[in-house]
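Chemist: Before anything else, here's the structure in question.
What follows is calculated from the coordinates using simple rules that are stated; it is not laboratory data. Bear in mind that the values here come from a model prediction, so they are computed numbers and not experimental data. Cβ coordinates were reconstructed from backbone atoms using ideal geometry, including for glycine residues, and neighbour counts include every protein chain displayed.
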Amino acid sequence: MGGTIVSPRMLCTLSAVSAVACPVNTSDLSGGPVSTSGTDESMGQTELSDGPADDTTSPPASDESQLVYGDAPAAGWRVKIDGADVDLFSREEVHAGTAAIAVTFTGEWGSVRFDATPPLAAEAYTAVEFWIHGGSAGGQEIEFAVVARIGVAELWGASTERRITAQPNVWRRERVELSSLGSPVNVGILAWLSTSGGEQPIFYLDDVTLIGRPPEDASATAGHALPLGP
């Protein structure tokens with residue numbers, strides 16, 4: 001589909017788990033206009049589409065970083081939510097700008113994920129950075145994952161995940177190196193997953209960024225002159 005049209009205070013509410021979404025339309029739960037696709041209503045997963053569903057890996061980008069979320073999901077990323085109440089435009093706690101993502105896990109397998117459409121070439125990036133705020137409670141047990149996609153296959157595994165505990169009443173920057181996650185073959189999914197086995201209090205995410213790989217140092221790659229003579 002085309003770009004997503006959402007109300008500025010849209011609240012996405014889901015309560016079940018599904019690994020792969022199916023193309024069924026839904027409506028905005030807050031009553032405002034929304035253009036969505038890829039919702040599996042039988043499994044309880046909602047997908048908010050921004051751009052066509054293309055699983056062909058995009059060519060390597062330049063050495064620039066790519067914003068994934070900053071006040072709203074960036075173009076080229078589809079949001080999928082399972083077992084969680086999620087407000088993509090929360091103004092309760094904001095790190096920078098005007099909005100952040102508010103997440104309340106409501107079940108054992110709660111998750112919020114951003115799917116790149118198409119997956120991005122991993123060699124163009126070195127890390128993922130984001131800011132997390134634990135609300136007034138803090139202590140949320142979360143796994144952050146970077147997962148490759150090849151066609152409809154999602155390559156999940158222990159090496160793709162990093163355990164995080166949110167801190168109360170403070171924003172904290174998290175930087176996760178792709179090399180520490182087994183160097184996925186592409187960047188297909190960024191996901192935050194509940195690990196507590198039950199409900200967890202609200203927390204917030206903001207300023208999610210893929211960090212671009214810096215250009216090679218010319219001094220390190222330049223050739224050295226060989227001495228002339230016998």
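Chemist: If you filter the stretch 72-146 for trypsin sites (Lys or Arg not before Pro), then keep DSSP loop positions with at most 16 other Cβ within 10 Å, what is left? Numbers along the way, then the final one.
Modeler: Numbers: sites: Arg78, Lys80, Arg91, Arg113; in loops: Arg91.
When the trypsin sites (Lys or Arg not before Pro) of the stretch 72-146 are filtered for loop state and at most 16 Cβ neighbours within 10 Å, Arg91 remain.
Chemist: Tally Lys/Arg at +1 and Asp/Glu at -1 over every other residue whose Cβ is under 12 Å from the Cβ of Gly70; what's the total? Mind showing how you got there, number by number?
Modeler: Values: positive: none; negative: Asp71, Glu129, Asp206, Asp207.
Around Gly70, the surrounding residues sum to -4.
Chemist: Around Gly97, under 9 Å between beta carbons, what's the net of Lys plus Arg minus Asp minus Glu among the other residues? The partial results should precede the final answer.
Modeler: Values: positive: none; negative: Asp71, Asp206, Asp207.
Net charge around Gly97: -3.
Chemist: Give the long-range amide H neighbours of Ser65: residues separated by 5 or more places, or on another chain, with amide H under 5 Å away, using H modelled in the peptide plane at 1.01 Å from N.
Modeler: Sorted by chain and number, the residues that satisfy this are Gly212.
Chemist: For the stretch 55-214, what D do you get in µm² per second when you plug the Kirkwood radius from alpha-carbon pairs into Stokes-Einstein at 20 °C and 1.002 mPa s? All intermediate terms of the calculation are to be shown ahead of the outcome.
Modeler: Details: Rh = 15.6 Å.
The calculation lands on 138 µm²/s.
Chemist: Enumerate the calculated ³J(HN,Hα) couplings along the stretch 169-183 in order (Karplus 6.51 cos²θ - 1.76 cosθ + 1.60, θ = phi - 60°), each rounded to whole Hz, writing x wherever the residue is Gly or Pro.
Modeler: Along the stretch 169-183, the couplings run 6, 8, 8, 10, 7, 10, 10, 10, 6, 4, 5, 6, 10, x, 6 Hz.
Chemist: With a Förster radius of 22 Å, plug the Cβ-Cβ distance of Thr165 and Thr98 into 1/(1 + (r/R0)^6) and report the FRET value to the nearest 0.05. Walk me through the intermediate numbers first.
Modeler: Details: r = 27 Å, r/R0 = 1.24.
So the FRET efficiency works out to roughly 0.20.
Chemist: Moving to a separate point now. If you plug each phi of the stretch 84-94 into the Karplus form 6.51 cos²θ - 1.76 cosθ + 1.60 with θ = phi - 60°, what whole-Hz ³J(HN,Hα) values come out, in order, with x for Gly and Pro?
Modeler: The phi angles translate into 7, 9, 10, 10, 6, 9, 6, 10, 6, 9, 10 Hz.
Chemist: Per residue of the stretch 150-158, what does 6.51 cos²θ - 1.76 cosθ + 1.60 with θ = phi - 60° give for ³J(HN,Hα)? Whole Hz please, x for Gly and Pro, Karplus curve as stated.
Modeler: Per residue, the Karplus-derived 3J(HN,Hα) values read 10, x, 8, 7, 10, 8, 7, x, 4 Hz.
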